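Engineer: Take a look at the following structure, please.
The values are calculated or read from the model by the stated rules, or taken from the named source; none is laboratory data. For clarity, every value in this text was computed on a predicted model and none was experimentally measured. Because the Cβ atoms are built from the backbone with ideal geometry, glycine has one as well, and the counts that use them run over all protein chains shown.
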Amino acid sequence: MKVLVSVKRVLDYNVKVRVNADGSGVDVANVKMSMNPFDEIAVEEAVRLKEAGVATEVIAVSAGVAQAQDTLRTALAIGADRAILIEANIDLQPLAVAKLLKALVDKEQPQLVILGKQAVDDDSNQTGQMLAALASLPQATFASKITIKNGTATVGREVDGGAETLSLTLPAVVTTDLRLNEPRYVTLPNIMKAKKKPLETLKPEDLGVDVTPRLKTLKVIEPPQRSAGVKVQDVKTLVEKLKTEAKVV
Ligand code: AMP
């Protein structure tokens, strides 16, 4: 069973995000970039499936600038077998990425596609759902447990007020939630080994996909600065301030 897993290069989640001076977006020059945390979980899950003898090959794919190769090398160091970079120098929106992944699904015929539930830069939470629709595949989003048996994926997912279990006929699309697993640390020997693993580079045109952006960002602004708090002497003063100043009671 082939597993295709998508990895996005995003601003590292520990980096303090700064808005560009012209308000056109977020400043990504000279800041640390890393693999989207939900995608690390996706790669870890795919590699565990391979280690358990369920998957035979794990293919990592990333769409974006040439530096996304580093993100793919990390996926290879976690344990993916080969990688595909779909190189594009423009902003790739979820619909464009979903179309690219759909073209790869047609080409590679994986039984399972694992994506992160959302990218922490755009917070769209759209790509997996769009891919499932475009490829006419069953989907389970926000997976906290995946079991594969007899051509079926059984997926546990946390929903409001409880847990839900879905049964999907493979091939299928699954997106990961935080509780699915804890990704392993990448070791130096595995980083070295990853350098020798195959990494293919394609262009969107090679897959026949038009990635022209459909959405335009009008303006990005910093959230308002929080003002300092005050200490009050007693509950009476607190209630008074909540009524007269905060006007929340
Ligand atoms: P989003 O819909 O943008 O929140 O992203 C959801 C998931 O889609 C991410 O966690 C990735 O697994 C995948 N994805 C989105 N954009 C890309 C990209 N440029 N390259 C590879 N995977 C992506």
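Engineer: Could you check how many residues of segment 100-140 are of a type outside the set (A, V, I, L, M, F, W, C), over 16 Å from the mean Cα position of the chain (by Cα) and farther than 25 Å from residue 56 by Cα?
Structural biologist: 0
Residues are listed down the side, and each one gets a yes or a no for (1) within 9 Å of the ligand (Cβ to nearest atom); (2) without any contact (Cβ under 8 Å) to a residue 40 or more places away in the chain; (3) not in a helix (DSSP H, G or I):
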site	(1), (2), (3)
75	no, no, no
86	yes, no, yes
124	yes, yes, yes
132	no, no, no
136	no, yes, yes
141	no, yes, yes
155	no, yes, yes
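Engineer: Out of 186, 174, 232, 249, report the one residue that is part of a loop (DSSP other than H, G, I, E, B) and within 30 Å of residue 147 (Cα to Cα). Walk me through how you get there before you give the answer.
Structural biologist: Numbers: 174 fails: part of a loop (DSSP other than H, G, I, E, B); 232 fails: within 30 Å of residue 147 (Cα to Cα); 249 fails: within 30 Å of residue 147 (Cα to Cα).
Going through 186, 174, 232, 249 in turn, the sole match is 186.
Engineer: Oh, and also: Only one of these conditions is not met by residue 242: (1) surrounded by 13 or more Cβ atoms within 10 Å (Cβ to Cβ); (2) modelled with pLDDT of 95 or more. Which number is it?
Structural biologist: Looking at each condition in turn, residue 242 falls short on (2).
Engineer: Of all residues being in contact (Cβ under 8 Å) with a residue 24 or more places away in the chain and small (Gly, Ala, Ser) in segment 11-45, which is nearest to the ligand (Cβ to nearest atom)? Just the residue, please.
Structural biologist: 42
Engineer: Just to be sure, is residue 114 closer than 18 Å to residue 38 by Cβ, in contact with a helix residue (DSSP H, G or I) (Cβ under 9 Å, 6 or more places away or on another chain) and away from the ligand (no atom under 11 Å from the Cβ)?
Structural biologist: no
Engineer: Can you name the residue in segment 176-198 that is in contact with a helix residue (DSSP H, G or I) (Cβ under 6 Å, 6 or more places away or on another chain) and farther than 30 Å from residue 154 by Cα and is also surrounded by the most Cβ atoms within 10 Å (Cβ to Cβ) among such residues?
Structural biologist: Kept after step one, since they are in contact with a helix residue (DSSP H, G or I) (Cβ under 6 Å, 6 or more places away or on another chain), are these residues of segment 176-198: 176, 180-181, 183, 186, 190-191, 194, 197.
Now narrow it down to the ones that are farther than 30 Å from residue 154 by Cα: 190-191, 194, 197.
Working: 190: 15, 191: 13, 194: 20, 197: 17.
Within segment 176-198, the match that is surrounded by the most Cβ atoms within 10 Å (Cβ to Cβ) is 194.
Engineer: OK, next. Return the only residue of 57, 51, 87 being modelled with pLDDT of 95 or more, among the acidic types (Asp, Glu), touching a Ser or Thr at 6+ places or on another chain (Cβ under 6 Å) and more than 20 Å from residue 177 (Cβ to Cβ). Break it down stepwise before answering.
Structural biologist: Numbers: 57 fails: touching a Ser or Thr at 6+ places or on another chain (Cβ under 6 Å); 51 fails: touching a Ser or Thr at 6+ places or on another chain (Cβ under 6 Å).
On inspection, the qualifying residue turns out to be 87.
Engineer: So is residue 120 out of contact with any Cys (no Cβ under 6 Å at 6 or more places or on another chain), assigned to a loop (DSSP other than H, G, I, E, B) and near the ligand (Cβ under 9 Å from one of its atoms) or not? Walk me through it before giving the result.
Structural biologist: Numbers: out of contact with any Cys (no Cβ under 6 Å at 6 or more places or on another chain): yes; assigned to a loop (DSSP other than H, G, I, E, B): yes; near the ligand (Cβ under 9 Å from one of its atoms): yes.
Answer is yes for this residue.
Engineer: Determine, yes or no, whether residue 152 is under 30 Å from residue 190 (Cα atoms) and of a type in the set (Ser, Thr, Tyr). Walk me through it before giving the result.
Structural biologist: Details: under 30 Å from residue 190 (Cα atoms): no; of a type in the set (Ser, Thr, Tyr): yes.
For residue 152, the condition - under 30 Å from residue 190 (Cα atoms) and of a type in the set (Ser, Thr, Tyr) - is not met.
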